[in-house]
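Novice: Could you have a look at this structure, given as structure tokens, before my questions?
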Amino acid sequence: MEQFSTTYADNVTADIWVSKKTNKDVIILHGWTGGYNDWEPLAEVLSNDFNIYIWKARAYYTKTATISQLASDIAFNIEKFNLNKPSLVGHSM
């Protein structure tokens, strides 16, 4: 997976890992108690058939995050990477 950085409107910068091999996009979102690396085994398997986008949620950088901010981050990255109807995969407790 290739690593990128993105900076949101409020100057929070996040690391994003991307694997592009097809024209089908999947965004993988980690939960409140987990991390992006929890999903690496699944991302590796899915990357055979899908483009994978996975990033550290802003709480890694700011210690706090609202659902609204996380949703805005998803929308920002969809636009940044020009994704067309991506599937979302995630889990949280």
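Novice: Hey, among the residues in segment 7-18 that are within 11 Å of the chain's Cα centre (by Cα) and in contact (Cβ under 8 Å) with a residue 60 or more places away in the chain, which one's surrounded by the most Cβ atoms within 10 Å (Cβ to Cβ)?
Specialist: Ile16
Novice: May I ask you to verify whether Ile16 is touching a Ser or Thr at 6+ places or on another chain (Cβ under 7 Å) and at pLDDT 90 or above? Give the derivation first.
Specialist: Values: touching a Ser or Thr at 6+ places or on another chain (Cβ under 7 Å): yes; at pLDDT 90 or above: yes.
Judged against the criteria, Ile16 is a match.
The values are calculated or read from the model by the stated rules, or taken from the named source; none is laboratory data. Treat the numbers as computed from the prediction; the structure is a model and nothing was measured. Cβ atoms come from the backbone with ideal geometry, glycine included; neighbour counts cover every protein chain shown.
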